[in-house]
Amino acid sequence: MLVDFLHSVECETLYLVGDIIDGWRLRKGWYWPAQHNEVVRRILKIARKGTRVVYIPGNHDEMFRDYVGLNFGGVELARDALHVTADNRTLLVTHGDMFDSVVLYAKWLAFLGDQAYTLLLKANVIFNAVRRRLNLPYWSLSSYLKKKVKNAVQYVGQFEEAVARAAADLGVDGVVCGHIHCAEIRQVGQIIYYNDGDWVESCTALVEERDGSMKVLDWSAHRREHSIAKLRKQLA
C-alpha cells in the first residue's frame, strides 16, 4: 500500500519522519524483500521529478544520523526541520524518539518491547491474510489492541504532551512526528500535535492541503472507498 500511495500522490515536499528502514531488524539477519527496493526507487524518482524529499532518521534507522546534512540522490538527511504551512504556521518536524523515556534511559526495555511488537505485527499479517481470503478489507489488529491496552494509551498521552511542551519551548505553532505509530491530530495547550502514524499498522500519512489545513489520510480506507465508488459506477 505504501508503493501505491507513493504512485498516487504529488507534493511539493515529502517528509520521511524516521524509521523508514528497520536497522534493528537487520541486525538480527538480512531481511530485504523486493517490495522494499520498489519503495526506495519510488522515493528517488519523486525526488528526481522536483519534489523536495527530507529524510529525518528515527531510532530504528539511527545509523543514518551520522550523515545528517548530506544529500543522497536528491534526498536531504536532517535531524529535524521547520516547515511553514500555506497558512503561515511554523511546524517542527521530527521523529520523536528523543521524547521517549524508554528509548532514552532504558534501551534494553525498548529492544524487549520491539520483540513483542514484532510478534504482534506478524500476527497482524496472518490476521489480514485470512481477511483477504474472505474478501474483507484491511483492518489493523495490532493498532486495535494497542489502543485497548490501558498502559499503552497512557504512554501515548504522555508522549504527545512531552512533544507538545518541547514545541512550545521552541516557539512554534505545532509539531509533526512519528515514532509511536499512532496517527493523531490534537490540540495540546497552544500547540497542535500531529502524528502521521505508520505503514506497518495503520497505513496512514499526514497531508497538508493547498490552504494549509492538515488531515490524516488513511490509505486503506481511501482504497476501499475508491473500489466501492468504481464498482457503483460500473453497476450504474
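So the values come out like this:
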read-out: Segment residue 169-residue 38, length gained on full extension (0.36 nm per residue, minus Cα span); value: 43.2 nm
read-out: Residue 162 paired with residue 122, simple spin-label distance in nm, labels 7 Å along Cα-to-beta-carbon; value: 2.9
read-out: Contour excess over end-to-end distance, with Cα ends at residue 210 and residue 8 and 0.36 nm allotted per residue; value: 71.0 nm
read-out: Cβ-based exposure ranking for 77, 82, in which fewest neighbours within 10 Å come first; value: 82, 77
read-out: 182, 177 arranged by Cβ crowding within 10 Å, fewest neighbours leading; value: 182, 177
read-out: Distance in nm between pseudo-label sites at residue 187 and residue 45 (7 Å out along the Cβ direction from Cα); value: 4.2
read-out: Length added when fully stretched, residue 217-residue 63, from 0.36 nm per residue minus Cα-Cα; value: 52.5 nm
read-out: Spacing of the two label points (7 Å from each Cα toward its C-beta) at residue 229 and residue 136, in nm; value: 2.6
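Values in this text are rule-based calculations from the coordinates and carry no lab data. These figures come from a predicted structure and were not determined experimentally. As a convention, Cβ positions derive from the backbone with ideal geometry for all residues, glycine included, and neighbour counts pool all protein chains shown.
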